[in-house]
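Each value in this text was obtained by applying a stated rule to the coordinates, not by laboratory testing. Because the structure is a prediction, the values reported are computed rather than measured. Here the Cβ positions follow ideal geometry from the backbone for every residue, glycine too, while neighbour counts run over all protein chains shown.
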Amino acid sequence: MSKTKCLGWRVVLVAGVLLAVSAQAARAVPAFARKYQTSCQTCHVAYPKLNTFGQAFRVLGYRMPGETEAQVKRPDVALGAPAYKRAWPKAVWPGAIPSSVPISIASEFLVQNSSRLEDGEIEKVKNEFLFPSEVALILAGTAGENISYFGEIGFSRAVEGGVIENEVEVEHFDVRLVRPIRGSIAFNVKIGAFQPELVSTFDHARRLTVANYDSMFSVNPIGLEGAESVGGSGDHGGGAGLSLPTIATGFEFYGVIRGRLFWTAGLVNGLGPGEETFDGNSGKDVYGRLSYKWGGLAVDGSNSESYAGSSKNWRERSFSVGAFGYSGDGSDLLVPIAGEDGQEAHAKQLRSNASARQRLFQTDGELEGSFIEDRDFTRIGVDFNWYFDDLNLFGAYFRAEDDLRVFAASPGLGRRGQLLPDSGGTFNFDSWFLEADAVLRFPWLHGALRYEAVGFDNADDWERVVCSVTGLIRANVKTTVEYNLDLNNSDNHSYWLNFGIAF
Amino acid sequence: MKKSVAILVFIALTSSATVASAGSLSGKVTAVGKRSNADAVVYVDTIPGKKFEPPKERARMDQIDMVFTPRVLPVVVGATVEFNNSDSVAHNVFTVDDCADLFDLGSWSGGEAPRSQTFDQPCAAVILCNVHPEMEGFVVAVPTPYFAVSEATGSYTIEGLPDGNYTIKVWHPTLKLLTRKVEVKGATSADFTLKK
């Protein structure tokens, strides 16, 4: 096998491993159904996938477009009469809390049959009952007229080599200031760990499929040469890839201008030097996205009174297009390359000791292991979202450039400071996917077909097809049958039967 | 006996005839987007050439179970409102409205004597209790004694309103003030729709 092929396999495996453990996110929020005494289908096509009304509800900080007091069947408990606004600053600004505890529970049960090629060996899993694969406590609501919050505590289980791995995690929690300036939706702020609006067109938490958008979230250039996955509160996959963040920690600003133009910008923590680690350097990552929607319900639902839409609330004829960019700073984060004695201990020392890191750069001493650094990386891309009645076709593409450096003790991997894998010092790849979701004749039957691909400049490409059918047994109970196949290696494939409930 | 019955019947007939000639205004207020149509004050605005003296009897707003009762109290300009505390906990009464001179009656315990405030200009004053910030009431001082507060269904009735052309105003704690000309002739009906 050539060197480049080897690189390619390593990258693919990062995605493959993640795929096996990424149980379907279940981010429906039944607490809102209770608050408004309405069905899940008011906002969801098939939970957790949102319809356009649900998207507007989310953008508005979990408030209905043109919301009236009468629509809120379980009003919040006022923490002060509204007139106290006029008494401010001599009084506390009036707030509110939900009348019932804003907690929802979503659970997933997964039957898995998979085949995976790893280091030349095929690992097969048959009839694996992950019951449950995930139980999530979802906290979401409003706290007065300008404050919203959304969080999730997940209890997930996965099986690796016959060993159950349990995990409890605060997956995300953010507080957002909605319409803080003159009541305008043009400017809003999120603070916390959140699903960034950067990827809202293909938000992993609201997908119809069990399989995640691995082409978008799970490609890990640092995984080249066998380095361990990176983590960090930027959660570029939570110890998985660093393609685009599924969860970002920091500040995000976003808004809707004239109902159609959506913008977002973020300043967030970046990579950590290893799995389960926090932002490892003082540099921050930044991102931005701009999109425009033609037709259909306005992004902020501002035309909800005049827009008749369809009698089927998932139907719409509209088209959105967006452009986005992400710039990350991974300098001084030395990720150990696996398989060499002592490198873990050295890596730990390097993570906590800046002068040790400096010596690595400046002295000629022997290295206790080999390391890889992603000094800076950029992701530039576009996305689109087309609704045509029962069909929703959407996709995204981005070009990635990573400035990688390898610090190698082993001659086989190169010299200290040598730039790999190409002479230019950059590692490039292109990721894209195209997905067609459709309501299949009945409103309770939904199909999804996705093609996704990653093209590496210096390694083999990766391609996958995902085919999924979801049936809503009830508005809050569903089952999904799904198959996915690595098009470049038929030994990598999975069948899943998923059952979910949210309440 | 027969004579006295006849006198009573005569008195009853004549008095009801007097009321009928004064007329009334009734109808329904719709508060768009609200859970209830209650708490709208429908009142006759200033009548040119007429000035109404405030009643000698004081109006009364109580604090019962940590709620201002009634929540909305219309009075004639110049009237004095007595604020009572029927609870077992201390309450305070104050406003943030200039038109009510930003009054603050201080705090007092249940069972203590009521405290009062005169509203000597047209005003929709929010009434707050700084001990319990969620409490909220309104005293609406209007220029004429012709007013009514809508019920939850939205229905209202202003009795004893002489026939004539009036400017009717409808005030609500959170909706836009509505103004409309209405001709009252006997028992007259008028509905109003309030919006944000």
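Observations on the structure shown:
- In order through the range B:168-176: 3J(HN,Hα) via Karplus (6.51 cos²θ - 1.76 cosθ + 1.60), integer Hz, x for Gly, Pro: 9, 10, 10, 9, 9, x, 10, 10, 5
- Residue order, fewest to most surrounding Cβ atoms within 10 angstrom, among B:136, A:108: B:136, A:108
- The ranking of A:164, B:158, B:64, A:97 by Cβ neighbour count inside 10 Å, starting from the fewest, reads A:164, B:64, A:97, B:158.
- Near-label residues of the range B:61-93 by backbone N, under 11 Å of a point 7 Å along Cα→Cβ of residue B:112: B:85, B:90-93
- The length gained by stretching the chain between residue A:137 and residue A:465 to full extension, at 0.36 nm per residue less their Cα-Cα distance, is 115.0 nm.
- Those Cys residues of chain B for which no other cysteine Cβ falls under 4.7 Å: B:129
- By the beta-carbon count within 10 Å of each Cβ, the least crowded to most crowded order of B:129, A:43, B:99, fewest first, is B:99, B:129, A:43.
- Amide H partners (placed H, <5 Å) of residue B:72, local residues excluded: B:138
- Centre separation in Å (Cα based) which lies between the range B:133-196 and the range A:387-406: 59
- Between residue B:177 and residue A:97, the simple label model (points 7 Å from Cα in the Cβ direction) yields a spacing of 3.7 nm.
- Shielding of B:83-96 by partner chains, average beta-carbon count, 10 Å: 1
- Sites residue A:503 and residue A:457 - FRET efficiency at Förster radius 56 Å, r taken between beta-carbons, to 0.05: 0.70
- Nearby aspartates and glutamates by direct alpha-carbon distance to residue B:56 (threshold 20 angstrom, same-chain neighbours under 8 apart not counted): B:82, B:120, B:159
- Between residue B:60 and residue A:175, the C-beta separation translates, for a Förster distance of 56 Å, into a calculated FRET efficiency of about 0.80.
- Working note: 222 nm ellipticity from helices only, DSSP H runs with n ≥ 4, each -39,500 (n - 2.57), summed and divided by the residues of chain B, gives -3500 deg cm²/dmol to the nearest 500.
- Anchor residue A:190: lysines whose Cα lies under 22 Å away (excluding residues fewer than 8 positions away in-chain): A:49, A:284
- FRET efficiency estimate (nearest 0.05) - Cβ-Cβ, residue A:428 to residue A:113, R0 35 angstrom: 0.50
- With Cα atoms, 0 to 90° folded angle of helix B:2-22 axis to chain B main axis: 70
- Ignoring aspartates and glutamates fewer than eight residues from residue A:312 along the same chain, the ones with Cα atoms less than 17 angstrom from its Cα are A:389, A:390, A:437.
- Label-point gap, in nm, between residue A:122 and residue A:481 - each point 7 angstrom along Cα→Cβ: 2.3
- Amide H contacts for residue A:134 (H built 1.01 Å from N in the peptide plane; partners 5 or more residues away or on another chain; cut-off under 5 Å): A:108, A:157.
- Per DSSP, loop GluC sites (Glu not before Pro) in the range B:143-196 with at most 16 further Cβ within 10 Å: B:151
- If you take the Cα centroid of the range A:169-207 and the Cα centroid of the range B:18-88, the two points sit 45 Å apart.
- Taking label points 7 Å from Cα along the Cα-to-Cβ direction, residue A:166 and residue B:151 give a separation of 5.9 nm.
- Cα centroid separation, the range A:300-321 to the range A:427-456 (Å): 23
- Of the trypsin sites (Lys or Arg not before Pro) found in the range A:85-189, the ones in coil according to DSSP and having at most 10 other Cβ atoms within 10 Å of their Cβ are A:90, A:182.
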